[in-house]
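S.K.: Structure in structure tokens, see below.
The values are calculated or read from the model by the stated rules, or taken from the named source; none is laboratory data. Remember, it's a predicted structure, so these values are computed and weren't measured experimentally. With ideal geometry, Cβ positions are generated from the backbone for all residues, glycine too; neighbour counts draw on all protein chains shown.
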Amino acid sequence: MAATIKVTNPATGELIQEVKADTEEEIHLALRRGHESFRKWSKINAHERSRLLKLWSKKIQEHKDDLAKIMTMESGKPLHESLGEVDYATSYIDWYAEEAKRLYGRTIPANTESKRIIVSRQPVGLVAAITPWNFPAAMMTRKAAPALAAGCTFVVKPAEDTPLTTMKLIELAHEAGIPADVIQCVNGYGSEVGKIFTESKYVRKITFTGSTPVGKLLIRDSASTVKHVSMELGGHAPVIVAHDADIDLAVEQTIASKFRNAGQTCICANRVLVHESIVEEFAEKLTNEVKKLKVGNGLEKGTQIGPVINEKGFNKIVSQVNDAISKGAEVLCGNKYNANREKGYFFVYPTVLKNVNENMKIMQEETFGPILPITTFQELEEAVNIANSTPYGLAAYFFTNDYRTGIYLHEHLDFGIIGWNDGSPSAAHAPFGGMKESGIGREGGVEGIEPYLETKYLSIGDIYK
Ligand code: ADP
């Protein structure tokens, strides 16, 4: 296993910090400690767990500026987005600090007078999480908060590109009074740590946010010990703009969805299907706005589009754009880069493509970059068929002011998250997650704590002597 992980700034390629990678023994030890501390933590009353979670959230807010700066430096996202992510991350802790107190069971009327039936909920045990680099804070807290609220203990392995935000969050959890063995961080390369997590008899649940191929591996490897799994995987979100849509709103919300974090989010608009009667107006208005987006280092004031995370991500974006252009796509703006492979920074200028079709890679694969392809449709049914013709089923968006169209689209789109005239649907109080190969389980809302709980049924007999 590698001894260190080099964390670099994707805006400059400069080294920020070399982080020690944990050895196999150290990771096993962390898992054993997590397992052993479960007995005590799971028995602490829910109000006390809630209190500690609230203290953690408060600590994070006190360090908001430092955390945001670390996040921008290691992930590249604009500072205002990092500040927003700190709030978003604590909103999950705040929500689950409350939900901890609402883990209700139930009683069931028995079919005989001499019995009582009680159903209660208990935590699954030690949870091992693997998180991605695109939301280094929020993807961690939305797993850790429900896990701890439920009474589980928690070990996280952050993405190699962005471990520093997570390490700081864990430090703050300990400062807030959450015991050191209850929430831990280990560092290492995904495939190596993933294997230790899935093989460990101590880990009762794997929760993962990342790519679909890695999610499939983790599901497969979790089978040997029948672990619980929650998977937040890839997306390929369609945006459908109906003929009656408010075009200005559709433009504004599509941009909000697509260009946040330089298009590196799993729910961002990946393809736009516009009714042919309004495509010219939509494309022109959209392009005018996209041209105004400022590209640069996320620490500089006014930056709206930071660098993409690394060379692998950059290569994928460029190959999708080139493929689309070679097959006839028209470039309305962008198709411009500021990249230096030697130094290791990669900026992609926001790009709008028109006349795209289903034969292009960009209409089949997740892009994870600031590229927006536009195609047209005539009938709603056709738009739904195109939208659903993907193995992914995470997020979909549509714009219409006709309630019949809205209800039709809501009922026919096979996606776990749907935005109707709304390009930013994520919230701690709502269930986030995908259908099909986009995942298993939900995070957020009352649903988001369920995956950390077991149901235990007690049948009491012989009540009357
Ligand atoms: P991306 O390609 O966008 O980086 P990944 O799914 O590869 O997405 O990465 C998300 C997280 O999964 C990271 O923490 C990474 O270290 C981890 N990871 C990568 N490969 C594996 C693997 N084979 N097993 C477990 N985790 C992995």
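S.K.: Against the condition closer than 16 Å to Glu454 by Cβ and hydrophobic (A, V, I, L, M, F, W, C), how does Ile196 come out, does it pass?
M.R.: No, not satisfied.
S.K.: Just checking, does the stretch 181-188 include any residue being surrounded by fewer than 21 Cβ atoms within 10 Å (Cβ to Cβ), modelled with pLDDT of 95 or more and near the ligand (Cβ under 10 Å from one of its atoms)?
M.R.: No: zero hits.
S.K.: Of the conditions (1) polar (S, T, N, Q); (2) more than 13 Å from the ligand (Cβ to nearest atom); (3) touching a strand residue (DSSP E or B) at 6+ places or on another chain (Cβ under 9 Å), Thr141 fails just one. Which one is it?
M.R.: Thr141 satisfies all of (1) polar (S, T, N, Q); (2) more than 13 Å from the ligand (Cβ to nearest atom); (3) touching a strand residue (DSSP E or B) at 6+ places or on another chain (Cβ under 9 Å) except (3).
S.K.: Among the listed residues Val239, Val272, Val214, Val229, identify the single one that is in a strand (DSSP E or B) and within 14 Å of the ligand (Cβ to nearest atom).
M.R.: Val229 is the lone residue from the list that is in a strand (DSSP E or B) and within 14 Å of the ligand (Cβ to nearest atom).
S.K.: Going through Gly344, Gly334, Gly263 one at a time, which residue ends up being out of contact with any Phe, Trp or Tyr (no Cβ under 8 Å at 6 or more places or on another chain), at pLDDT 95 or above and not charged (D, E, K, R)?
M.R.: On inspection, the qualifying residue turns out to be Gly344.
S.K.: Going by what's in this entry, would Glu276 be described as assigned by TED's automatic domain parsing to the domain that holds Ala250 and in contact with a Phe, Trp or Tyr (Cβ under 8 Å, 6 or more places away or on another chain)?
M.R.: For Glu276, the condition - assigned by TED's automatic domain parsing to the domain that holds Ala250 and in contact with a Phe, Trp or Tyr (Cβ under 8 Å, 6 or more places away or on another chain) - is met.
S.K.: For the stretch 281-335, give me each residue that is among the basic types (Lys, Arg) and over 15 Å from Thr367 (Cα atoms).
M.R.: Scanning the stretch 281-335 gives Lys285, Lys291, Lys292, Lys294, Lys301, Lys327.
S.K.: Something else now. Would a scan of the stretch 167-189 turn up a residue that is polar (S, T, N, Q), assigned by TED's automatic domain parsing to the domain that holds Arg33 and assigned to a helix (DSSP H, G or I)?
M.R.: Within the stretch 167-189, not a single residue is polar (S, T, N, Q), assigned by TED's automatic domain parsing to the domain that holds Arg33 and assigned to a helix (DSSP H, G or I).
S.K.: Only residues that are more than 30 Å from Ile44 (Cα to Cα) and either exposed (fewer than 13 other Cβ atoms within 10 Å of the Cβ) or charged (D, E, K, R) (or both): list them for the stretch 86-122, please.
M.R.: Asn111, Thr112, Glu113, Ser114
S.K.: Scan the stretch 243-269 residue by residue and report those that are polar (S, T, N, Q) and assigned to a helix (DSSP H, G or I).
M.R.: Of everything in the stretch 243-269, those that are polar (S, T, N, Q) and assigned to a helix (DSSP H, G or I) turn out to be Gln253, Thr254, Ser257, Asn261.
S.K.: Here is a further query. Could you count how many residues in the stretch 148-171 are among the β-branched types (Val, Ile, Thr) and under 15 Å from the mean Cα position of the chain (by Cα)?
M.R.: 3
S.K.: Return the total of residues in the stretch 224-245 being in contact (Cβ under 8 Å) with a residue 60 or more places away in the chain and closer than 30 Å to Pro373 by Cβ.
M.R.: Qualifying residue count for the region: 14.
S.K.: Anything in the stretch 124-146 that is among the small types (Gly, Ala, Ser) and either assigned to a strand (DSSP E or B) or within 19 Å of Leu172 (Cα to Cα) (or both)? List them, or say none.
M.R.: Correct list: Ala128, Ala129, Ala137, Ala138, Ala144, Ala145.
S.K.: State all residues of the stretch 280-324 that are away from the ligand (no atom under 15 Å from the Cβ), outside any loop (DSSP other than H, G, I, E, B) and among the basic types (Lys, Arg); if no residue qualifies, say none.
M.R.: Across the stretch 280-324, the qualifying residue is only Lys285.
S.K.: Does Phe377 satisfy the condition of being surrounded by 24 or more Cβ atoms within 10 Å (Cβ to Cβ) and either among the aromatic types (Phe, Trp, Tyr) or within 16 Å of the ligand (Cβ to nearest atom) (or both)?
M.R.: Here the answer is no, as Phe377 does not meet what is asked.
S.K.: Of all residues in the stretch 147-165 being near the ligand (Cβ under 10 Å from one of its atoms) and part of a loop (DSSP other than H, G, I, E, B), which is nearest to Ala100 (Cα to Cα)?
M.R.: Within the stretch 147-165, the match that is nearest to Ala100 (Cα to Cα) is Pro158.
S.K.: Now for a separate question. Any residue in the stretch 56-66 that is more than 16 Å from Met167 (Cα to Cα), charged (D, E, K, R) and surrounded by 16 or more Cβ atoms within 10 Å (Cβ to Cβ)?
M.R.: No: zero hits.
S.K.: All but one of (1) in the same structural domain as Leu103 (by TED's automatic domain parsing); (2) crowded, with 16+ Cβ neighbours inside 10 Å; (3) within 18 Å of the chain's Cα centre (by Cα) hold for Leu453; which doesn't?
M.R.: Against the list (1) in the same structural domain as Leu103 (by TED's automatic domain parsing); (2) crowded, with 16+ Cβ neighbours inside 10 Å; (3) within 18 Å of the chain's Cα centre (by Cα), Leu453 comes up short only on (3).
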